[in-house]
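Worksheet: one structure, shown below.
The values are calculated or read from the model by the stated rules, or taken from the named source; none is laboratory data. Predicted model only: the values in this text are computed from it and were never measured. Heads up, the Cβs are rebuilt from the backbone with ideal geometry, glycines too, and the neighbour counts pull from every protein chain shown.
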């Protein structure tokens, strides 16, 4: 998938993955790839800065945890993040509906 296609949607993708429960950064990357059927392969250089930014604005919180014998920062969705995710989902539905209407075949010209 073209990386430019993700522009503007990364926050919603990250918030959605973390919605199910706390995850560390690499697990978030794996979940994105798994949930997309392998279509999304997002580099760590994109994900980690976005996670830190989402934490700074209050949509995620983080804490250190030991996972598989290693200390890792795990991220959790906050109430603000839940509200943001719902807004992102609503905007996505409106966007895909509008684009779908344009891309759908229209009536044939005479």
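Looking across segment 43-61, just one residue is within 17 Å of residue 10 (Cβ to Cβ) and part of a strand (DSSP E or B), and that is 60.
Yes/no per residue for (1) in contact with a strand residue (DSSP E or B) (Cβ under 9 Å, 6 or more places away or on another chain); (2) surrounded by fewer than 12 Cβ atoms within 10 Å (Cβ to Cβ); (3) modelled with pLDDT of 95 or more:
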{"residue": "10", "(1), (2), (3)": "no, no, no"}
{"residue": "31", "(1), (2), (3)": "yes, no, yes"}
{"residue": "38", "(1), (2), (3)": "no, yes, no"}
{"residue": "43", "(1), (2), (3)": "no, yes, no"}
{"residue": "57", "(1), (2), (3)": "no, no, yes"}
{"residue": "60", "(1), (2), (3)": "yes, no, yes"}
{"residue": "64", "(1), (2), (3)": "yes, yes, no"}
{"residue": "67", "(1), (2), (3)": "yes, no, no"}
{"residue": "71", "(1), (2), (3)": "yes, yes, no"}
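Of the listed requirements (1) in contact (Cβ under 8 Å) with a residue 24 or more places away in the chain; (2) under 22 Å from residue 87 (Cα atoms); (3) over 11 Å from the mean Cα position of the chain (by Cα); (4) not in a loop (DSSP other than H, G, I, E, B), residue 13 misses just one: (3).
Here the condition is being touching a residue at least 12 places away in the same chain (Cβ under 8 Å) and out of contact with any helix residue (DSSP H, G or I) (no Cβ under 9 Å at 6 or more places or on another chain); of 97, 101, 80, it holds for 80 alone.
Residue count for segment 65-110 under the criterion of being under 15 Å from the mean Cα position of the chain (by Cα) and part of a loop (DSSP other than H, G, I, E, B): the result is 1. Among the residues of segment 16-26, those that are in contact (Cβ under 8 Å) with a residue 40 or more places away in the chain and either surrounded by 14 or more Cβ atoms within 10 Å (Cβ to Cβ) or not in a loop (DSSP other than H, G, I, E, B) (or both) comprise 16, 18, 19, 22, 23, 24, 25, 26.
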